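This report refers to the structure that appears directly beneath it.
Nothing in this text is a laboratory measurement; each read-out follows from the coordinates by a stated rule. All of these numbers come straight from a predicted model, not from anything done at the bench. FYI the Cβ positions are ideal-geometry reconstructions off the backbone, even for glycines, and counts take in every protein chain you see.
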Amino acid sequence: RGELEALEGIPRAARRHGVSSEQPIGHLQAALALAAMLGERQRETPLRNTLGIVEWERGRYSEALAHYERALALVRGLGERSHEGLVLNSLGVTLMRLNRAEEARTVLEQSIRLNRQSGERLLQAHALAALGDLCSSQADPAQARRCFEQSLALRGELGDRGGEQAMLERLQRLTGAKES
């Protein structure tokens, strides 16, 4: 367990010192293997999520998807609803990158419902934004607008000024695309 703690700490320390997330990937993989061997499911989940992020950033979406799918099974097994919403969001945007639009839509809609029920409003706003992006890419501007507007309202309630600005920009692009 001490070795696991050390392996988990290396990537955190690397991030704090501005080291590329790709450099400590071997430590993350070793920590994941050790957590799985020890049956430390609660520690395995964030490691899988982090590895999913690293793979996503590297453009290795299939590998990221595998980590997110396993993380989803783990959080569901542990009954961690707030973490489930986070993983569903990651899974949804990854499916979008893999051009699996219908699956992405299903996952993002599920995430919106789950995050609404669990009170995770920022995660709900992120899922709405991602679904809006998906609808926009599929020539469904009316649905995209509804998603962006709902995300904008949530972000306003939460005081998320950066998120509000991002939604306003998406809405403006959507209006500009409609006019051209």
Could you please report the charge total around ARG105, scoring K, R as +1 and D, E as -1 over all other residues with beta-carbon less than 15 angstrom from its beta-carbon? -1
Given the Cα atoms of segment 74-180, and with Rh set as the inverse mean 1/r over their pairs in the Kirkwood sense, what is Rg to Rh to two decimals? 0.99
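Assuming 1.567 mPa s and 4 °C, estimate D for segment 107-154 with Stokes-Einstein, Rh taken as the Kirkwood radius over Cα pairs, in µm²/s. Walk me through the numbers on the way to the answer.
Details: Rh = 10.3 Å.
Roughly 126 µm²/s, to the nearest whole number.
Suppose the chain between MET37 and GLN143 were pulled fully straight at 0.36 nm per residue; how much longer would it get relative to their current alpha carbon spacing? Spell out each step's value before the answer.
Numbers: separation 106, 0.36 × 106 = 38.16 nm, distance 4.49 nm.
Gain in length upon complete extension: 33.7 nm.
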If you split all Cα-Cα distances of the chain into 5 Å bins from zero, what percentages do you get per bin, shortest first? 1, 9, 15, 16, 17, 16, 12, 7, 4, 1, 1, 0
Could you bin all the Cα-Cα distances of segment 52-126 into 5 Å bins starting at 0 and give me the percent of pairs in each, rounded to whole numbers? 3, 19, 27, 25, 18, 6, 1
